[in-house]
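Peer 1: Take a look at the following structure, please.
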């Protein structure tokens with residue numbers, strides 16, 4: 001698609017996708033109610049996810065301000081698997097704020 005055509009349609013689909021998320025109904029039911037083509041809805045949903053993800057990636061490095069690590073007093077750690085399959089391991093009470101900042105970058 002031409003860029004100007006795509007950019008013209010982006011707000012239309014963003015509004016529908018946001019409305020669908022708030023509706024708590026299936027994509028198919030939402031599309032049926034709003035006379036939308038299901039596969040186009042899916043295409044734009046994926047496209048907008050890619051656009052949002054690329055804007056995070058294109059910004060380059062992100063400055064994090066971790067606190068000075070305290071002496072480790074616990075041997076138990078947590079791990080977290082994000083929806084994009086990224087896995088953060090070794091979360092402890094001492095680095096929990098740092099892990100929270102990392103998770104915020106990817107959600």
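The values are calculated or read from the model by the stated rules, or taken from the named source; none is laboratory data. Predicted model only: the values in this text are computed from it and were never measured. FYI the Cβ positions are ideal-geometry reconstructions off the backbone, even for glycines, and counts take in every protein chain you see.
Peer 1: Which condition from (1) touching a helix residue (DSSP H, G or I) at 6+ places or on another chain (Cβ under 8 Å); (2) modelled with pLDDT of 70 or more is the one that residue 46 breaks?
Peer 2: (1)
Peer 1: Does residue 22 count as farther than 30 Å from residue 94 by Cβ, modelled with pLDDT of 75 or more, within 19 Å of the chain's Cα centre (by Cα) and surrounded by 10 or more Cβ atoms within 10 Å (Cβ to Cβ)? Working first, answer last.
Peer 2: Details: farther than 30 Å from residue 94 by Cβ: yes; modelled with pLDDT of 75 or more: yes; within 19 Å of the chain's Cα centre (by Cα): yes; surrounded by 10 or more Cβ atoms within 10 Å (Cβ to Cβ): no.
Criteria not met by residue 22.
Peer 1: If a residue must be part of a strand (DSSP E or B) and surrounded by 14 or more Cβ atoms within 10 Å (Cβ to Cβ), how many such residues does the stretch 84-103 contain? If you could, list the steps in order and put the result at the bottom.
Peer 2: First, the residues of the stretch 84-103 that are part of a strand (DSSP E or B): 87-91.
Subsequent filtering for residues that are surrounded by 14 or more Cβ atoms within 10 Å (Cβ to Cβ) retains 88, 91.
Number satisfying all stated conditions: 2.
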